[in-house]
1. Among the residues of the stretch 41-51, are any over 14 Å from residue 67 (Cβ atoms) and either part of a helix (DSSP H, G or I) or in contact with a strand residue (DSSP E or B) (Cβ under 7 Å, 6 or more places away or on another chain) (or both)?
2. State whether the residues of the stretch 11-31 include one that is without any contact (Cβ under 8 Å) to a residue 60 or more places away in the chain, of a type in the set (Asp, Glu) and in a loop (DSSP other than H, G, I, E, B).
3. Does the stretch 8-66 hold any residues that are over 13 Å from the mean Cα position of the chain (by Cα) and closer than 12 Å to residue 82 by Cα, and which are they?
4. Among (1) surrounded by fewer than 14 Cβ atoms within 10 Å (Cβ to Cβ); (2) among the aromatic types (Phe, Trp, Tyr); (3) in a helix (DSSP H, G or I), there is one condition residue 35 misses while meeting the rest; what is its number?
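Here, each number is a calculation from the coordinates, and none is a lab measurement. Since the model is a prediction, treat every value here as computed from it, not as a measurement. Using ideal geometry, Cβ is built from the backbone for each residue, glycine included, and neighbour counts are taken over all protein chains shown.
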Amino acid sequence: MVRETVPFDAADHLGSETAQIELLVDAFDSGEPAYVAEALGVVARARGMTEVAREAGITREALYRALSDKGDPRLSTLLGVAKALGLRLTVAPKDAA
């Protein structure tokens, strides 16, 4: 018997803002650029990539590219996406609880 599979997209399962924020906090806490870009991409897809791209001031295609597993978004892209998602990026000492 052949088993049919479908592609998995975490964005389909992150409907709440709380879940999206938890993913982003975990990604930023990891310090892994690829994970941060992927998490931002998941949240952007969950909220609507076209709208996020428009609010971030870049094309949808450029946003997909920047937030892919091989992407390395520029600081201006990161800040634009954060603003479009209604996020504020802050800095805290590593050892702060």
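1. Yes, the stretch 41-51 contains a residue that is over 14 Å from residue 67 (Cβ atoms) and either part of a helix (DSSP H, G or I) or in contact with a strand residue (DSSP E or B) (Cβ under 7 Å, 6 or more places away or on another chain) (or both).
2. There is no residue in the stretch 11-31 that is without any contact (Cβ under 8 Å) to a residue 60 or more places away in the chain, of a type in the set (Asp, Glu) and in a loop (DSSP other than H, G, I, E, B).
3. Within the stretch 8-66, 55, 57 meet the criteria.
4. Result: residue 35 fails condition (1) only.
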